[in-house]
1. Of everything in region 36-61, what is β-branched (Val, Ile, Thr) and at pLDDT 90 or above? Give them in sequence order.
2. Cys88 passes all but one of (1) of a type outside the set (Val, Ile, Thr); (2) modelled with pLDDT under 90; (3) in contact with a helix residue (DSSP H, G or I) (Cβ under 6 Å, 6 or more places away or on another chain); which number fails?
3. Which fully enclosed strands (runs of 3 or more DSSP E) of region 31-118 have 1 or more residues being surrounded by 12 or more Cβ atoms within 10 Å (Cβ to Cβ) and in contact with a Gly (Cβ under 9 Å, 6 or more places away or on another chain)?
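The values are calculated or read from the model by the stated rules, or taken from the named source; none is laboratory data. Not measured: the values here are computed from a predicted model. FYI the Cβ positions are ideal-geometry reconstructions off the backbone, even for glycines, and counts take in every protein chain you see.
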Amino acid sequence: EVLAKTTNKHVINTCGDFNLNQSASIVSQSYKLVTNDTGMMHIASAFNKKIISVWGNTIPAFGMYPYMPQQPNAFKIFEVKELSCRPCSKIGYDECPKRHLKCILDIDVDGIVKEMNS
């Protein structure tokens, strides 16, 4: 049984707790997934799950957004579009080259919460 690491009974945070196969199983049982632009986003896409996709220094225009032609409205992308330094990488860096992390720190968290609750 997976135990939530949060006070919200509808959200389960298992970051780092499971291997890839176990994570895919959890995603397959989920209703909606909040994820950055990584493999979990693509696994959720394969399972036709609702996706809230958070993008930092990379951009969906590079073609790595959720592939869901059967449900083009099943995912919502959150990104800070107006940053002149973005994208700074196709696959990301370990540290922000500008040292400000605005691509993540300025994300619309209220919008993500609203989308999670919709």
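1. Hits for region 36-61 are Ile43, Ile51, Ile52, Val54.
2. (3)
3. Filter on region 31-118 gives 32-36, 75-78.
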